[in-house]
Amino acid sequence: MPADPSVHAAYVRALERLPTRLPGHGYEASGVEALREAVAAAYRRRGLPTSPAQILITHGAHNGLVHLLRLMVRPGQPVVFDHPTYPQALDAILAAGARPTPVALPDDAGAGAGTEGWDVEGLIAACRTSGAPLAYLVLDHHNPTGRMMRAADRLRLLAGLKGCETLLVLDETLVELTLSGPPALTASAVDAPRVVRLGSLSKSVWGGLRIGWIRADRAVIQRLAQSRASFDLGAPILEQLAAVELLGDGGAGLAARRPLLRAQRDHLRMRLAERLPQWVCPRPAGGLSVWAQLPAPISSALAVQAAERGLRLASGPRFGVDGAFEHRLRLPYTLPEPVLDVAVERLAQAAEALERKTRPVSAPPPRRVAVY
């Protein structure tokens, strides 16, 4: 989403506070204490006892995942993840030289709002049998499907992994973006010592802020703070001070943005139903996108046709491995409604052009010849 006026105001206040930091050297391996406390306080409000010593500030959640992969995973080792998954996470797993180990999400196409299916037993089995040092999961408004794992299934997952050495990394960058039904924050309060949480302000506030964090056991945070020096020397101080301001607004900023996102989600689905009625577009309970089911395996070809009309989309296979998800397409609803109207119209035109291109041409009937 674009930044709202609160971001500029937060930077103004951060600049006013910056002189108090200038006498120091400016290097904060774990992050500014005030920001780590603000993040820890947010977890405590969710029912997760957390101290600043359990928080490491990063350049966004993706940077946090990269640090965890560098610390925990050696080349060739498996990393378990729910399939489909966030594309940049998959890129990071491959860049670390790890072996992607997908566990498919049950196909809930057409189930409507609040689809929550997860193959819990499959995740447990994959972690235990593969010996994976790390599993990466998006349980809260999953990217791209939008589903959310129920608290009972989370407890079952943690119970099944008890005694397992796999570090369970939960990407919670969308956890606060509940648009319908009970908030994801309620279910996400399930915790265990080998659970690591990734958070960020990029999805909920503004991507340009580039501030995220890792919440983990103190020993893990200490190891991360030591190992990151070979990769980066910490997040910029000014951005951290701005993040303190944004986290201290009591949730007012997000409360104002959720109705806008909700309206854009519903508007996009309405327009898709009008122009592409053969598509199945379940209503996600939260997050930033719809995971549409297409009537044929045309996602990659459709993305090419859309690009020719000035519409940039990530095709379904971008969210998986081995060419999966050609029947799927992720459609964000983060743009204003008039822009969504233009996008849907161009998407419909692309789909129609592709249908004409792939439609089999029937041969003309043979010419009748009179034989005497």
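Remark: segment 248-253, residue by residue, has Karplus-estimated 3J(HN,Hα) of x, 8, x, x, 5, x Hz, where x stands for each Gly or Pro and the curve is 6.51 cos²θ - 1.76 cosθ + 1.60 at θ = phi - 60°.
Test of understanding: express the Cα radius of gyration of segment 153-294 as a ratio to 2.2 N^0.38 Å, with N the residue count. Working shown, then result.
Details: Rg = 18.6 Å, N = 142, 2.2 N^0.38 = 14.5 Å.
It is 1.28.
Rounded to the nearest 500, the helix-only mean residue ellipticity at 222 nm of the chain stands at -12500 deg cm²/dmol, with each DSSP H run of n ≥ 4 adding -39,500 (n - 2.57). Note on the chain: GNM, Cα springs under 10 Å; of 193, 84, 282, the largest mean-square fluctuation is that of 193.
How high is the relative contact order of segment 246-366? Use alpha-carbon pairs under 8 Å, at least six apart in sequence, and give a whole percent. Write out the running numbers ahead of the final one.
Details: 142 pairs, mean separation 31.4, N = 121.
With pairs under 8 Å counted, the relative contact order is 26 percent.
What is the chain's relative contact order, in percent, from Cα pairs under 8 angstrom and six or more apart in sequence? Relative contact order, the chain: 20 percent.
Segment 7-60 and segment 266-343 have their alpha-carbon centroids 37 Å apart. Residues 290, 342 ordered from highest to lowest accessible area at a 1.4 Å probe: 342, 290.
Pairwise inverse Cα distances across segment 212-367, averaged and inverted, put the Kirkwood hydrodynamic radius at 19.2 Å. Remark: segment 77-94, residue by residue, has Karplus-estimated 3J(HN,Hα) of 7, x, 10, 7, 8, 6, 10, x, 8, 5, x, 5, 5, 4, 4, 5, 4, 5 Hz, where x stands for each Gly or Pro and the curve is 6.51 cos²θ - 1.76 cosθ + 1.60 at θ = phi - 60°.
Roughly what % of Cα-Cα distances in segment 294-359 sit above 20 Å, to the whole percent? Don't skip to the end; give the middle numbers.
On the way: 549 of 2145 pairs.
I get 26 percent for the Cα pairs in segment 294-359 exceeding 20 Å.
Any chance you could check the Cα centroid distance between segment 133-207 and segment 218-242 for me, in angstrom? So the separation of the two Cα centres works out to 22 Å. For the chain, the Cβ-based charge dipole about the Cα centre amounts to some 420 debye (Lys, Arg positive; Asp, Glu negative; other atoms uncharged). Along segment 346-356 the Karplus relation, 6.51 cos²θ - 1.76 cosθ + 1.60 evaluated at θ = phi - 60°, assigns HN-Hα couplings of 5, 5, 5, 4, 5, 5, 5, 5, 5, 5, 5 Hz to successive residues, with x for each Gly and Pro. Amide H contacts of residue 325 (H built 1.01 Å from N, in plane; Pro and chain starts excluded): no residue 5 or more places away or on another chain comes under 5 Å. Between the residues 19, 246, 339, the greatest Cα displacement towards the positive end of the dipole of the chain, with unit charges on the Cβ of Lys, Arg, Asp and Glu, is found for 339.
For segment 148-201, what mean projected area does the convex hull of the alpha carbons give, in nm²? Intermediate results must be reported in sequence, preceding the final value.
Details: hull surface 15.3 nm².
Orientation-averaged projected area of the Cα hull: 3.8 nm².
Values of log10 I(q)/I(0) for segment 112-187 across q = 0.19 Å⁻¹ run -0.79, by the Debye formula with one identical scatterer at each alpha carbon and no solvent. According to the square roots a ≥ b ≥ c of the eigenvalues of the Cα gyration tensor, what is the shape class of segment 1-114, taking rounded for a/c under 1.5, prolate for a/b larger than b/c otherwise, and oblate for the remainder? Prolate. Our Cα-only numbers for the chain put the radius of gyration and Dmax at 23.1, 108 Å.
Quote the relative contact order of segment 199-273 in percent (integer), defining contacts as alpha-carbon pairs under 8 Å separated by 6+ residues. Before the final figure, lay out each step's value.
Values: 30 pairs, mean separation 18.7, N = 75.
This gives 25 percent for segment 199-273.
Per-residue SASA remark: residue 1, around 50 Å² accessible (1.4 Å probe; ligands, DNA and RNA not included). State log₁₀ I(q)/I(0) for segment 87-227 at q = 0.09, 0.11, 0.14, 0.17 Å⁻¹ as given by the Debye formula over alpha-carbon point scatterers of equal weight, solvent excluded. One equal scatterer on each Cα of segment 87-227 leads to -0.28, -0.42, -0.71, -1.08.
Applying Stokes-Einstein at 10 °C and 1.306 mPa s to the Kirkwood radius of segment 53-108, computed over alpha-carbon pairs, gives a translational diffusion coefficient of 130 µm² s⁻¹.
The values are calculated or read from the model by the stated rules, or taken from the named source; none is laboratory data. Values in this document were obtained by computation on a predicted structure and should not be read as measured data. Virtual Cβ from ideal backbone geometry, glycine too; neighbours counted across all protein chains shown. Calculation scope for accessible area: heavy atoms of the full protein, side chains included, ligands and nucleic acids excluded. Shrake-Rupley method; radii C 1.70, N 1.55, O 1.52, S 1.80 Å.
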